[in-house]
Amino acid sequence: MTEPTRVVIVEDHALTRAGMRTALDPYFSIVGEAGDGIVGYETVLRERPDVAVVDLGLPGIDGIELTRRIRAGLPGTHVVIVTMIDIEEEVIAALAAGADAYCLKSSDPSGIVDAVRITREGGAYFDPRIAHVVLSRFSPKTSTNSNRSPLTPRENDVLRLIADGKANAEIATELNIGLGTVKGHIRDILEKLSAADRTHAAVTALRKGYI
């Protein structure tokens with residue numbers, strides 16, 4: 001039997017934290033909660049969850065610094081940002097710190113559930129209302145790099161689906177290839193783009209105009 005996804009919630013507003021717990025609890029195992037960034041980091045280190053759901057505007061240390069510390073100390077823990085902030089600079093800073101997903105608190109709770117599920121499976125998720133920020137920031141402004149991709153056509157197909165937030169199993173289904181083949185393509189993509197993870201690869205490819 002598959003173990004449930006283990007989640008820690010780091011949110012300073014008690015009512016919002018309770019709402020997140022209510023939304024996530026039917027699907028995942030909530031193994032810890034914290035109301036500030038310092039206690040949040042201690043909780044993540046202790047519990048070693050699969051996914052940390054993190055607010056940006058935290059007391060102690062903010063969500064971006066917390067994300068950076070989690071990715072440095074526990075690279076196996078994925079980070080889902082859930083915030084009211086849709087400012088471009090904050091979105092980019094969160095992604096640069098290593099966040100795997102970015103959700104807005106005003107979204108339907110099902111979006112947060114999707115974000116946790118997708119990131120746990122190795123995908124990246126962006127709220128539809130901020131996806132344009134990522135694309136406008138990292139999409140090529142000219143076509144000078146568009147024909148310089150080191151990736152094969154199939155690897156480009158896989159990477160486009162990664163950028164769309166698809167998990168490995170979804171990519172395999174959409175491209176009608178085996179799960180092992182998808183994993184092999186992702187391994188080659190990371191090596192060719194010198195990327196640390198899937199999100200880094202997608203952002204690098206968007207910035208360079210490969211996809």
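Overview of values
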item: Tabulated pairs, the stretch 94-119, first at pLDDT below 85, second surrounded by fewer than 24 Cβ atoms within 10 Å (Cβ to Cβ) and in a helix (DSSP H, G or I), C-beta under 8 angstrom, 6+ apart or interchain; result: Leu95/Val134; Leu95/Val203; Ser107/Arg129
item: Single residue of the stretch 48-69 satisfying the filter (closer than 20 Å to His13 by Cβ and free of Cβ contacts under 8 Å to residues at least 40 places away in the same chain) that is nearest to the chain's Cα centre (by Cα); result: Thr67
item: Unique residue being within 23 Å of Ile92 (Cβ to Cβ) and part of a helix (DSSP H, G or I) when the list is Leu58, Leu45, Leu66; result: Leu66
item: Criterion: exposed (fewer than 15 other Cβ atoms within 10 Å of the Cβ), at pLDDT 95 or above, outside the structural domain of Gly165 (by TED's automatic domain parsing) and out of contact with any strand residue (DSSP E or B) (no Cβ under 6 Å at 6 or more places or on another chain) - qualifying residue of Glu89, Glu42; result: Glu42
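Quick grid of which residues meet (1) in contact with a Lys or Arg (Cβ under 9 Å, 6 or more places away or on another chain); (2) within 15 Å of Asp55 (Cα to Cα):
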residue: Val82; (1), (2): yes, yes
residue: Glu90; (1), (2): no, yes
residue: Ala93; (1), (2): no, yes
residue: Lys105; (1), (2): no, yes
residue: Ala115; (1), (2): no, yes
residue: Gly123; (1), (2): yes, no
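The values are calculated or read from the model by the stated rules, or taken from the named source; none is laboratory data. Just so it is clear, the structure is predicted and the values come from calculations on it, not from any experiment. As a convention, Cβ positions derive from the backbone with ideal geometry for all residues, glycine included, and neighbour counts pool all protein chains shown.
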